[in-house]
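Report on the structure given below.
Every number here is computed from the coordinates shown, using simple stated rules; none is lab data. What you are looking at is a predicted structure, and each value in this text was computed from that prediction instead of being measured. When we count neighbours, we look across all protein chains shown, and the Cβ atoms used for this are built from the backbone with ideal geometry, even at glycine.
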Amino acid sequence: MDKQLRRKKIIELLGDLPDSSREISVEKVHEEVRDSFVVEELVLDLNGLELVPAYFARPLERKGKLPVILFNHSHGGQYHVGKTELITSSHYLQKPSYAKQLTELGYGVLCIDAWGFGERRGKSESEIFKEMLWKGQVMWGMMVFDSIRAIDYLLTRDDVDSSRIATVGMSMGGLMSWWLAALDERVTVCIDICGQVDASSLIKVRGLDHHGFYSYVPKLVKYFQTADIQECISPRPHLSVVGTYDRLTPYEGLCKIDEALTKCYEQEGYSKHWKMERYHCGHIETASMRNKVCSFLQNYL
């Protein structure tokens, strides 16, 4: 199945999605200087169902259009955090925050609250999942939809270079990174941190309960394994940094994904554009991982 047909089928599995042709509206609630960067506090209408709070961080001094990164926040059971992770980091991410580090490198960064997180919390994840299921929606599909629409929003900004868009995330955010890059070719660079989950390997080690309801897509494994989806990213640059002791991403699955994507990128003549860096750690971002993430962005974005 070629990439376009594969994307079409994947999107079909994501349930009934909102109208993607609706105009996006934005309200700037607040703007302030924090340390070495500026933060815009925004409220976006991405899906026509509920408003989506967001942060956009940019360098204090900007010259021309910015390369921009859609930062996908993690889960960690920290429903109160959401997009704030971009600004404050977390206990499993390195310091400084990605907002500070990436803006100092000259990037703009957007992060939205996912369904049930940050300012969108109030209903539990399981409640959202069950309600959407009854309505013919898939929670992960709705989350991916918001991320795609977030890129639509970025392209409306006059300070964004539309040819230089990356996506980065940890854990649930890493999962979002490769799903988003696979489905949206406007993403030019993909980086996932501790977000490589091979479905068959997870089932084999009985690790399904390590992950929340949000990520389970009905019938997905009937048609696709993780590597099948990520092959849609090739030949665009894709870095994956993983922990070999991470129980959420079984090691056997990491090897399967790496083998498949290495072959895919080699066949397309872009072997240097795929890299899985493995570290002897658990479900955390190490200092070496952070350094690799920043270097990869500087090389390719």
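Would you please name the GluC sites (Glu not before Pro) within region 238-301 that are DSSP coil residues with at most 13 other C-beta atoms within 10 Å of their C-beta?
The qualifying sites are GLU268.
Classify region 176-301 as rounded, prolate or oblate, taking a ≥ b ≥ c as the square roots of the eigenvalues of its Cα gyration tensor: rounded when a/c is under 1.5, otherwise prolate if a/b is larger than b/c and oblate if not.
oblate
Using the Cβ atoms and a cut-off under 11 Å, what net charge is assigned to the surroundings of PHE56, where Lys and Arg are +1 and Asp and Glu are -1?
Within the 11 Å Cβ shell, the charges total 0.
How large is the dipole of the chain about the Cα centre if only Lys and Arg carry +1 and Asp and Glu carry -1, each at its Cβ, rounded to the nearest 20 debye?
Here the size comes out at about 620 debye.
Can you work out D for region 57-175 in µm² s⁻¹ from Stokes-Einstein, where Rh is the Kirkwood radius over C-alpha pairs, the temperature is 37 °C and the viscosity is 0.692 mPa s?
For the chosen part, D equals 218 µm²/s.
Counting every Cα pair in region 218-269, what percent are over 19 Å apart?
32
Take MET170, MET289, MET1, MET139 and order them by how many other Cβ atoms sit within 10 Å, fewest up front.
Neighbour counts put them in this order, fewest first: MET1, MET289, MET139, MET170.
Once you list every other residue whose beta carbon is under 13 Å from the beta carbon of PRO18, what net charge do they have if Lys and Arg are +1 and Asp and Glu are -1?
Spelling it out: positives minus negatives among the neighbours equals -4.
Cut-off is 10 Å between beta-carbons; in what order do TYR79, TYR223, TYR153 appear when sorted fewest neighbours first?
Arranged by neighbour count, lowest to highest, TYR79, TYR223, TYR153 become TYR223, TYR79, TYR153.
Take the alpha-carbon centre of region 33-108, take the same for region 191-244, and report the distance between them in whole Å.
Here the two parts' Cα centres lie 24 Å apart.
222 nm [θ] for the chain, helices only, -39500 (n - 2.57) per DSSP H run of 4+, per residue, to 500?
Here the helix-only value at 222 nm equals -10500 deg cm²/dmol.
Looking only at the chain, where both bridge partners belong to it, what percent of the DSSP beta bridges are antiparallel (to the nearest 5)?
Bridges in the chain that DSSP calls antiparallel: roughly 50 percent.
Please give, to one decimal in nm, the separation of the simple spin-label points placed at LYS65 and LYS3, each 7 Å out from Cα toward the Cβ.
2.1
How much length is gained if the chain between THR244 and ASP19 is pulled fully straight, taking 0.36 nm per residue apart and subtracting their Cα-Cα distance, in nm to one decimal?
77.0 nm
MET170: net charge of surrounding residues, Cβ under 12 Å, Lys/Arg +1, Asp/Glu -1, itself excluded?
-3
Using all Cα-Cα distances in the chain, what percent lands in each 10 angstrom bin from 0 up to the longest?
Values per bin, smallest distances first: 6, 30, 39, 22, 4, 0.
As an exercise, use a Förster radius of 22 Å and the Cβ-Cβ distance of LEU49 and VAL29 to find the FRET efficiency, rounded to the nearest 0.05.
0.65
What is region 1-135 by shape, rounded, prolate or oblate, if you read a ≥ b ≥ c off the alpha carbon gyration tensor as root eigenvalues and call it rounded for a/c under 1.5, prolate for a/b larger than b/c, and oblate otherwise?
Prolate shape, in that a/c is at least 1.5 and a/b is the bigger ratio.
Give me ILE233, ILE87 ranked fewest to most by other Cβ atoms within 10 Å of their Cβ, as a rough exposure proxy.
Lowest to highest Cβ neighbour count: ILE87, ILE233.
So for region 188-232, considering every pair of alpha-carbon atoms, how many percent are separated by more than 17 Å?
Counting pairs separated by more than 17 Å, the tail of P(r) holds 37 percent.
Nearest 0.05, what FRET efficiency do LEU105 and SER200 give at R0 = 51 Å with Cβ-Cβ as r?
0.85
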